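Please read the structure below before turning to the comments.
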Amino acid sequence: MQLFYNPDINEAASSFVFDKEESKHIIKVLRKKEGDTLHVTNGLGFLFTTEISIASDTKCTVKIVSFEKQEAPKFWLHLVVAPTKMNERYEWFLEKATEIGIQEITPIICEHSERKVIKTDRFQKILESAMKQSLHYYLPKLNEPIAFKEFIKQKHSGLSFIAHCEETDKKSLKNELKSNTDITILIGPEGDFSVKEIQQAIDNNFIPVSLGATRLRTETAAIVACHSVVFHNE
């Protein structure tokens, strides 16, 4: 099944018109015609089965035949991950985390961050593409970048963890997880969190954890954390 995404389609509508760019892709590139079926999600858990009624490459129009809603996960995973020096690695993390299953992502700027300017427009498109490719009907929420000192002051529901590489007392993430529980996990930059940041997190009730015996890159650590939570909740 090929999945299309548009945030404007909803269960109250009987028909829908794609924008010019998507219409051109559907009609000119995919060579779809009137009567063909398209599957569309709005990123809010809905899957719409539609039929092309007007095969226009500028205003492709479909009628909604049926829709269903996928049950939402019983946990909320929020990964708070420092941007990587090479942007491609962060984009890889976004893609794979979406495929595995994640609900919220926040880029966090830390003392040791080498990249501090983030363009979220491209990140958003990567999330949308990964959602469609993996046939998920929920689009992860992408927040604007935030400084560590600002984020750590916020309130978070459920369990909160900070994964770091300092040789201090840490628990194993896999042993601390609980099913059907909201989880926030902080993942630092290539240079790791500073000692001051780690202490600030602990002072704000974040539990220091290890993701294993080896030292992981930022994007790898984020994927390990993501998979651990999703696997635990299966």
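The values are calculated or read from the model by the stated rules, or taken from the named source; none is laboratory data. Not measured: the values here are computed from a predicted model. Note that we place each Cβ from the backbone using ideal geometry, even for glycine, and neighbour counts take in every protein chain shown.
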Item checked: Members of the range 91-117 that are surrounded by 15 or more Cβ atoms within 10 Å (Cβ to Cβ) and among the aliphatic types (A, V, I, L, M) -> Leu94, Ala97, Ile100, Ile102, Ile105, Ile108, Ile109
Notebook entry, point to check: In this structure, is Thr49 at pLDDT 95 or above, more than 21 Å from the chain's Cα centre (by Cα) and of a type in the set (Ser, Thr, Tyr)?
Noted result: yes
Next item on the list: Scan the range 32-74 for residues that are over 23 Å from Ser134 (Cβ atoms) and among the polar types (S, T, N, Q) and jot them down.
Entry: Ser53, Ser56, Thr58, Thr61
Next item on the list: Inspect the range 138-153 for any residue being within 17 Å of Gln103 (Cβ to Cβ) and acidic (Asp, Glu) and give the result as yes or no.
Entry: yes
Next item on the list: Could you run through the range 77-95 and say how many residues are of a type in the set (Phe, Trp, Tyr) and more than 11 Å from the chain's Cα centre (by Cα)?
Entry: 2
Next item on the list: Restricting attention to the range 158-197, report how many residues are buried (at least 20 other Cβ atoms within 10 Å of the Cβ), more than 27 Å from Ala72 (Cα to Cα) and among the hydrophobic types (A, V, I, L, M, F, W, C).
Entry: 1
Check: For Arg89, are the conditions met, namely being assigned to a helix (DSSP H, G or I), out of contact with any Gly (no Cβ under 6 Å at 6 or more places or on another chain) and charged (D, E, K, R)?
Finding: yes
